Amino acid sequence: MNKQSLTIAALLSILVGSALYFTNFLQSPILRITHTIKSSYLDGVETIQHAVDEHFNQQATILELRKKNRYYEQELLNLHQVADEYQKVLQEHNSSFKTTPDTSLVRALSYVRFGDPHRIWIEMEKFNPKRVYGLLYRGYAAGIVVSKNGRPLALLNGDVKSSYAVNVGTSLAPGIVRGNNARRLIVEFIPTWIPIAVGDEVLTSGLDRIFMAGLKVGKVISITRASGYQSAVIEPYFYGKNPAYFHVITQVR
């Protein structure tokens, strides 16, 4: 082998070795760059996909809400028409009866005691400590408001001292609902001669002047009889949600 052949072989060996060395040397940063690009790409694809999904979900939600809004608008018009005709009938008979109660929006401040979800201090303007007020949440009877140390205290459904007059079922069986520090409420002192049944709806009667009549409280899930009266356990429509705001009935007309 001549000198020229040896030179060519040496150059080839150097080139091959250099290629292998620099391939291993460059492989790690290249892989990191590639991984970053792939990760950014996948993140971008997911972001776009989520945006598309949210767009179509929002579109479907908007369409559904528009449909419901049209329904409620029509129902509101119907109610206005009925209320207008009703007021005309009252005027025709020179009646002073009014159906609209006075309500006030109140804010929940804090629990009275940690671990007791049934008693909440509330912020209420024009509070009369000598009165008992009806407490509402989204149109449901939620409890009562009483005075403690001159401050307004909300006793939510479930508290043993939260009680008010109700009617049970289509027979309008009278009773008193109260809490028992649990999720279910109890309606007591229901006359035995008035039939009630599981599934009956419990509504405020308005006879205690705390609530107006007809506000929903809950549904009967069981019935017992003892000492000349019936008692019903009910599943309330409001319990333990502890929202930030309630409505208080300041005057029942």
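The values are calculated or read from the model by the stated rules, or taken from the named source; none is laboratory data. Worth saying up front: this structure is predicted, and the values here are computed from it rather than measured. All accessible areas refer to the heavy atoms of the entire protein, side chains included, with ligands and DNA or RNA removed. Shrake-Rupley method; radii C 1.70, N 1.55, O 1.52, S 1.80 Å.
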query: Across the stretch 244-249, in residue order, what do the Karplus-derived ³J(HN,Hα) couplings come to in whole Hz, using 6.51 cos²θ - 1.76 cosθ + 1.60 with θ = phi - 60° and x for Gly and Pro?
result: 6, 9, 10, 10, 10, 7
- line: Once K148 and R184 are pulled to full extension, the length gained, defined as 0.36 nm per residue separation minus their Cα-Cα distance, is 10.4 nm
message: Under the 0.36 nm per residue contour assumption, what length would be gained going from the current alpha-carbon distance of E64 and K126 to full extension?
response: 18.3 nm
field: Solvent-accessible area, 1.4 Å probe, carbon plus sulfur percent, for the stretch 121-253
entry: 53 percent
message: Let me cross-check K216: its accessible surface, 1.4 Å probe, with only protein heavy atoms counted, in Å² to the nearest 10?
response: 90 Å²
query: Accessible area, 1.4 Å probe, largest first: how do V89, V220 sort?
result: V89, V220
- prompt: Using a 1.4 Å probe, what is the accessible area per residue for the stretch 105-161, in Å²?
  reply: 55 Å²
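When only the heavy atoms of the protein chains count and the probe is 1.4 Å, how do Y111, Y133 rank by accessible area, highest first?
Result, largest first: Y111, Y133.
Compare Y245, Y237 by solvent-accessible area with a 1.4 Å probe and give them largest first, with all protein chains kept in place.
Y245, Y237
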- request: For the pairs K148/K219; K161/K219; K130/K161, note any where the Cα-Cα span goes beyond 28 Å.
  value: K148/K219
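Roll a 1.4 Å probe over the protein chains and send me the accessible area per residue for the stretch 192-253 in Å².
Per residue, the stretch 192-253 has 52 Å² of solvent-accessible surface.
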